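The numbers here are math on the coordinates, done by the rules we state, and not lab data. All figures in this text were calculated on a predicted structure; none of them were measured in a lab. Glycine gets a Cβ as well: all are built from the backbone with ideal geometry, and neighbour counts include every protein chain shown.
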Amino acid sequence: MEETVDVLIIGSGHSGGMAAKILTEKGISCLMLNAGPVADVHKDTEPKPAYALPFRGFSQPGRLPHVFQSNEFNANTWVDEREVPYTYDPQHPYNWVRVRLFGGRSLFWSRQSFRLSDYEFKAKSHDGFGDDWPIGLADLAPYYSRVESIFRVQGRADGLPQYPDGNFVPDDSPWSGCMQRFIEAGKQKGIPVCKARSSLGVDGLASSVNLLLPDAFATGKLKAIPNVVVRELSADKKTGLINEVHFVDRLSRREMSVKARIVVLAAGTLESARLLLNSKLANSSGVMGHYLIDQVYGPGIVCSVPEARDGKATSALIGGGALIPRFRNINSKAKDFIRGYALNVHSSMRPMDPRNFAAYGEELQTKLDSYSGSGFSTSIMGEVLARYENHVSIDQNVVDAWDIPALRIQTKYSDNEINMSRDAVDTSIALAEAAGFEVLSKNYDPNPPGYSIHELGTCRMGDDPKTSVLNKWSQSHDIRNLFVVDGASFVSSGWQNPTMTIVALAMRASEYLAEQMRQGNI
């Protein structure tokens, strides 16, 4: 392309969508590059019964070994690891779940919508570990409120500093009987049990495709190119500023480039780090790729509510969910770990999973018939500590289908995450038993890192260019016309689903960028 675009946005998920919306509504022309196609659910899908599929609906062996969410019905949704590989130590696997469609993973977001608190933003000040963010809740609160309005976040105000209230659509749903008993058990132990908070969106979808990008396209200031894989960013040798982006057509393999005055990187934490590392840019600090974090998932319990067995379950007794926000290391110190975790709580009238019973044959069937509809479960969302040694680098011996060097991921959980997980399960058991539930199964073992699909860090923000990649505006310390607005900027992960924070940071960074452009500083 011969013309120079004002702002080039790489990525079309929540962060890229928000950047496009804010910038175009301020009159700035943007070009968006996306590695995948525009999906049309009506045109690109068709219903098929399991018996008509080669693997009867199960995953094809070896195709997506790290995407536990995959099956034969949705296999084409996920990035094929044979086409875009990554490497890791077999003793320390990492689950990197990727989507290359227009809208990215925002199309599949679970919609849990939380603000970080100052227990996360100022974590070092609280417990002495790691680093504080260069911003606090007060800096981001106005942007959270605006994002919550766009996404229509439903919730209740609980007045807990570790679970900041927001701009909610009121949640007036009643508690079921089993949840009321669980809440009472929590009160006895000083543990808050709250309503969860989630984005209603529109028609159950809260993606960039339906909430953000339509506004950007409506301005006439946004153009988008699908099916192009960005290979490298290049900088002007005299000014040090990025001046060109090189990419390849995913289908034809034609090599192309475009000149840009400003680049906004929103490809997702690991893809953004991969692109910058391959480009050998913006890393004077030497910390790019380091401090990879996510959240602990997996540990939890499954219970039965005895009064709901043998066909006695009713919607008044069983159903609904709750959330226990972080309660450890707030006003007192836990024995074996710092930071904290939340617990997702769920009850269901659906059939029970046979794996919860040490039985088989007729005995198992009798159990399943009796316990059906009485289910109650908890599962952890735990903070992973940001450690320098947990990092990504470029594996020069492996390339993807377009000859772009692959990412190598080196990370593992520490005793802090293991001890936190054990506490979460033990606490869940104590609460469930106090509520009168039967604990059927328990799992203390975290899933592999990456399982949460909340990878964060690698291009952390900070005030000191010697110890961080970005400033508090998500702008590169080294290259003033480069912004990274996805989860790569995170200094700590917290227990919270990070989407609301990512989108609020993207909004804040984009408004700052627009103002800097207006003043002629960029």
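Using 0.36 nm per residue of separation minus the Cα-Cα distance, give me the extension gain between D171 and Q396 in nm, one decimal. Each step should come with its number before you reach the end.
Values: separation 225, 0.36 × 225 = 81.00 nm, distance 5.11 nm.
Length gained, D171 through Q396: 75.9 nm.
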**Prompt:** Relative contact order of the range 357-504: what whole-number percent is it, with Cα pairs under 8 angstrom and at least 6 residues apart?
**Reply:** 20 percent
**Request:** Please report the relative contact order for the range 388-468, taking Cα pairs under 8 Å with a sequence separation of at least 6, and give it as a percent rounded to a whole number.
**Result:** 22 percent
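Taking 41 Å as R0, compute the FRET efficiency from the Cβ-Cβ separation of S149 and L53 and round it to 0.05.
Details: r = 42 Å, r/R0 = 1.03.
Result of the calculation: an efficiency of 0.45.
Once fully extended, how much extra length lies between E184 and Y444, figured as 0.36 nm per residue of separation less the alpha-carbon to alpha-carbon distance?
On the way: separation 260, 0.36 × 260 = 93.60 nm, distance 2.48 nm.
Between E184 and Y444, full extension yields 91.1 nm more.
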**Prompt:** Ordered by residue, what ³J(HN,Hα) values in Hz, to whole numbers, does the range 382-392 give under the Karplus form 6.51 cos²θ - 1.76 cosθ + 1.60, where θ = phi - 60° and Gly and Pro are x?
**Reply:** x, 6, 9, 5, 7, 10, 4, 6, 7, 8, 10
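If R0 is 51 Å, what FRET efficiency do you get for F73 and K335 from their C-beta distance, rounded to 0.05?
Values: r = 45 Å, r/R0 = 0.89.
Working from the Cβ atoms, E equals 0.65.
Summing +1 for each Lys or Arg and -1 for each Asp or Glu, what net charge is found among the other residues whose Cβ lies under 11 Å from the Cβ of E148? The partial results should precede the final answer.
Numbers: positive: R115, R146, R152, R197; negative: D165.
Summing Lys/Arg as +1 and Asp/Glu as -1 gives +3.
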**Request:** Using label points projected 7 Å from each Cα along Cα→Cβ, tell me how many nm separate S125 and A434, to one decimal.
**Result:** 3.2 nm
**Asked** In terms of Cα to Cα distance under 21 Å, which lysines are near enough to K221, apart from those fewer than 8 places away along the same chain?
**Response** K21, K26, K259
**Message:** If packing is taken as the average count of other Cβ atoms within 10 Å, what order do 389-401, 188-200, 6-18, 103-115 fall into, highest mean first?
**Reply:** 6-18, 103-115, 188-200, 389-401
**Asked** Reachable lysines from K367, Cα under 19 Å, same-chain residues fewer than 8 places away excluded?
**Response** K312, K442
**Request:** May I ask for the angle, rounded to the nearest 10°, between helix 177-188 and the longest principal axis of the chain, with both axes built from Cα atoms and the value confined to 0 to 90°?
**Result:** 80 degrees
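How much length is gained on full extension from Y360 to E232, taking 0.36 nm per residue of separation minus their Cα-Cα distance?
Numbers: separation 128, 0.36 × 128 = 46.08 nm, distance 5.59 nm.
Extra length from Y360 to E232 when fully extended: 40.5 nm.
Let me check against my output: what whole-number percent is the relative contact order of the chain, with C-alpha pairs under 8 Å and at least 6 apart? Walk me through the numbers before you get to the answer.
Details: 1217 pairs, mean separation 117.9, N = 522.
Worked out over the chain, it gives 23 percent.
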**Asked** By per-residue mean of other Cβ atoms within 10 Å, what is the highest-first order of 280-291, 484-495?
**Response** 484-495, 280-291
**Request:** Mind ranking 423-436, 349-362, 68-81 by how tightly packed they are, going by the mean number of other C-beta atoms within 10 angstrom, highest first?
**Result:** 423-436, 68-81, 349-362
**Message:** With angles folded into 0 to 90 degrees, how steeply does helix 415-434 sit against the dominant principal axis of the chain? Use alpha carbons for both and round to 10.
**Reply:** 40 degrees
**Complete:** Amide H neighbours of G155 at under 5 Å, excluding residues fewer than 5 places away on the same chain, with H built from the backbone geometry, are V169, D171
**Message:** What does DSSP give for the chain in terms of the percent of beta bridges that are antiparallel, rounded to the nearest 5?
**Reply:** 70 percent
**Request:** Just tell me which lysines come within less than 20 Å, Cα to Cα, of K472; anything on the same chain fewer than 8 places away is out.
**Result:** K122, K124
**Asked** Assuming R0 = 22 Å, what is the FRET efficiency of Q519 and V38, from their Cβ-Cβ distance, to the nearest 0.05?
**Response** 0.05
**Request:** Specify the angular offset, from 0 to 90 degrees and rounded to the nearest 10, of the alpha carbon long axis of helix 361-371 from the longest principal axis of the alpha carbons in the chain.
**Result:** 80 degrees
**Item:** Estimated distance in nm for a label pair at S414 and K223, the labels positioned 7 Å out from Cα along Cα-to-Cβ
**Value:** 4.8 nm
**Message:** So I have (1) 59, 26, 18; (2) 39, 26, 22; (3) 54, 22, 21, and one of them is semi-axes √(5λ) of the Cα gyration tensor in Å calculated from this model. Which one is it?
**Reply:** (2)
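With each run of n ≥ 4 DSSP H residues scored as -39500 (n - 2.57), what mean residue ellipticity at 222 nm is computed for the chain after dividing by its residue count and rounding to the nearest 500 deg cm²/dmol?
Details: 12 runs with 125 residues, N = 522.
Helices in the chain give a 222 nm mean residue ellipticity of -7000 deg cm²/dmol.
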